[in-house]
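No lab work stands behind these numbers, since they all come straight from the coordinates. Values in this document were obtained by computation on a predicted structure and should not be read as measured data. In this analysis, Cβ positions are derived from the backbone assuming ideal geometry, glycine residues included, and neighbour counts consider all displayed protein chains.
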Amino acid sequence: MENQRNSGLENPIEKYPKPPYPGQQQPFPGLASKMDPLPDHGEKSYIGSGRLKGRKALITGGDSGIGRAAAIAYAREGADVAINYLPAEESDAQEVIALIEAAGQKGYAIPGDITDYAFCEKLVEEATASLGGLDILVNNAGRQQASESILDITNESFDATMKTNIYAPFWITKAALPHLEPGSVIIATTSVQAYDPAGILFDYAQTKAANVAYVKSLSKQLGAKGIRVNGVSPGPIWTPLQVCGGQPAEAIPEFGKMAELERAGQPAELAGIFVLLASNEGSYSTGQVFGAAGGMGHP
Ligand code: NAD
Ligand code: MG
């Protein structure tokens, strides 16, 4: 034990709360601040070292979960950060803006619904105007609603999942591309569901497979322009998405138990990957998908 403390070694099994978690449900889109236990987005732990100094990032779904972990890390690495989220998530978003500012960087909150094409164009316009340009685009926002049967998925719900997870990244990327100079990066959040879909995530899993194809195809278009496109593929991560319909309510206490690391991952455990993919250190990685799935998945 003494030896472990001195060397900074952290046992990944013991690092974070393990199942069983308290049962809980929230209405969509949910708030990180209402989760029990609170997710770790790196608020107290992430230490930057200037790897993104002067960079300008737009992160969708930057209010909570994986997007918030990326936002905190990017700011502490020296980037200014604009975040998008739904109006109902304003309180989570304001916590993130305060954390970005505490890191000495500029933070911009741009609420709005990305299932709306006109808003996606406006989002990119506002973000680039506020940031004074754009060189990191993170398409991370997502919608996941579990359903036992395809017969229970309404056309409206299917449409909302497709719009959020596939159309919005298409619209946002098109609007952002004219602003991206060589050295810029695009990062998509995909999922283990792209490779090994659960029966209850029929529609969502298809969108995450589409996100992998987005990375593989777009990286081929943009390689010659010096713009890198990569993906992050998380396993079960403790975020609001999972407690507002992403999993059946009865599955929450055991969430992540099937992973080799025997627990859900925390958003903070993905921050380093988002930083690597955005930074100059990652300059030979494009068209790649990096995993953080506790021993599951096939990125
Ligand atoms: P989260 O709930 O913290 O983040 C998702 C965000 O998406 C929300 O905060 C919300 O701001 C945004 N969003 C949803 N619909 C929107 C809309 N119509 N307009 C604007 N914003 C909208 O959950 P998370 O788990 O951090 O999700 C982030 C990404 O990670 C998603 O793409 C999700 O598919 C992916 N992912 C999550 C897990 C997991 O286990 N949590 C696993 C694999 C992949
Ligand atoms: Mg949120």
Legend entry - Restricting region 51-104 to trypsin sites (Lys or Arg not before Pro) in coil, as DSSP defines it, with at most 14 other Cβ within 10 Å: Lys53
Legend entry - region 171-299: relative contact order as a whole-number percent, Cα under 8 Å and 6+ apart: 32
Inset, instruction - Provide, for region 15-103, the number of lysine pairs with alpha carbons under 25 Å apart, each pair being eight or more places apart or on different chains. - result: 7
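First measure r as the distance between the Cβ atoms of Gln24 and Ala98, then evaluate 1/(1 + (r/R0)^6) with R0 = 22 Å and state the FRET efficiency to the nearest 0.05. Spell out each step's value before the answer.
Working: r = 25 Å, r/R0 = 1.13.
Result of the calculation: an efficiency of 0.35.
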Inset, instruction - Could you calculate the contour length gain from Glu121 to Phe170, that is, 0.36 nm times the residue separation minus the distance between their Cα atoms, to one decimal place in nm? - result: 16.6 nm
Inset, instruction - Report the relative contact order of region 48-292, percent, no decimals, based on alpha-carbon pairs under 8 angstrom and at least 6 residues apart. - result: 20
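Where in the chain are the helices, taken as whole DSSP H runs, whose Cα atoms extend 15 angstrom or more along the long axis and whose Kyte-Doolittle mean reaches at least -0.5? Walk me through the numbers before you get to the answer.
Numbers: long enough: 65-76 (17 Å, 0.58); 90-102 (18 Å, 0.32); 117-131 (21 Å, 0.35); 202-222 (30 Å, -0.22); 268-278 (16 Å, 2.22).
Correct list, ordered by number: 65-76, 90-102, 117-131, 202-222, 268-278.
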Inset, instruction - Sum up the charges of everything whose Cβ sits under 9 Å from the Cβ of Ala109, counting Lys and Arg as +1 and Asp and Glu as -1, but leave Ala109 out. - result: -2
Legend entry - Inverse of mean 1/r across different Cα pairs in the chain, Kirkwood, Å: 19.1
Inset, instruction - Give me the number: length gained by fully extending Lys216 to Glu181, i.e. 0.36 nm times residue separation minus the C-alpha to C-alpha distance, one decimal in nm. - result: 10.6 nm
Inset, instruction - Using just the helices of the chain, give the 222 nm mean residue ellipticity in deg cm²/dmol: DSSP H runs with n ≥ 4 each add -39,500 (n - 2.57), and the total is spread over all residues, rounded to 500. - result: -10000 deg cm²/dmol
